[in-house]
Structure formats: C-alpha cells, structure tokens
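Written out below as structure tokens is the structure these notes cover.
Each value in this text was obtained by applying a stated rule to the coordinates, not by laboratory testing. Fair warning: this is a prediction, and the values are worked out from it, not measured in the lab. Every residue, glycine as well, gets a Cβ built from its backbone with ideal geometry; the counts of neighbours run over all protein chains shown.
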Amino acid sequence: MRAKLITQKNQLPPKCQWEEPEEAFQTYSKAEMSALRAARPAQFFALSPWRVILGQLLVTLLSAVGCSFFGSPLGINLYTQSALVGGLIGVLPAAVFLLRLQVANRPNKPSAGRFLAAVISGELIKITLTIAMFVGFALKQPDLKWLPLLLTYFLTLKCYWLVWRNK
C-alpha cells in the first residue's frame, strides 16, 4: 500500500514528537549575567590563550630533555635539536595566530565580521607558516631526526586539549 504524499486540504502533517518547546532558552540581561558570574565563578572562568603557548613551551622543553638521553653525546645532541625544532614548529605559528587575534580586538569598534576575518586569516597564516617551517627545516637541516621532531610537534598540538581539560 502506498503512503499519501500529497496532503489534503486543511490537513497538516503531524508535529514531530522530538521538537523542543519554543521557550527552551532563557535570555538574560547584562545585570543578570553579572549576578550569575558573581554567584558561580567556577562556571565562568576566563582562560588565557597565552596559557596554551606556555604549556606548549613547557612540553617542548620536557621533550627536549627526554630526547637528550638518546644519541651519542648526552646532553644537547641531534635528538635534542630535533625535538626543539619540532616544538618551535608547533609554538611559533600558534603564537603568531594569537597575536593576529589580539590585533583584531584592539580597535574601538569591535565587530563579529572583523573578528571572523581575523580568525580565518590567522589560521591561513598559521598553516602557511607551519608548512614553510617544515619544508625550510627539512631543506636547511637534512640531518634532523624526524621521530623526535614529529613527536614533539604532535605533543605541542595536544596542549590545546590539556589546557581545556585542566580548567
């Protein structure tokens, strides 16, 4: 038997059961939001983006110290340098992206369109700088060890998750 696809006159399709009521969200005024922030400050914490950069630098240094135990001379060797380069490739583009966002927030008339343009252009700069650094270090220093370089780069990228989980 075929289902009727054409509705009859004055016959509306049944309302979906899973739709939420119209008033599912409450709108707060500026004074109400200030009172909520004062009452529950843990839910409205402010996370500094420079904390991510600091975490990336710390992870880079720890990885370089860990890699210093490998290689023939203990201490600063090719493994340590490779780990530092991997960390630099992770940290420097992130810092440039953050600076781009802070420059976009400086004008007296901030707008959502300007901030969105800053995010998109900042990401483009970040990706371009990352690729250029990978290619540049591969061409200028071909003797780098790729395992510590890529491992440290990967660990610096994971700092974004670690900072958000440890709020």
Task: Phi-based couplings in Hz for the stretch 119-130 (Karplus 6.51, -1.76, 1.60; Gly and Pro marked x) - done: 5, 5, 5, x, 5, 4, 4, 4, 5, 4, 5, 4
Task: Percent of C-alpha pairs per 10 Å bin, the stretch 33-114, short to long - done: 16, 26, 26, 17, 11, 4, 0
TODO: Evaluate the charge dipole of the stretch 49-165 about its Cα centre and quote only its size in Debye, nearest 20, assuming +1 on the Cβ of each Lys and Arg and -1 on the Cβ of each Asp and Glu.
DONE: 440 debye
TODO: Grab the alpha carbons of the stretch 49-165, take their convex hull, and tell me the volume per residue in Å³.
DONE: 99 Å³
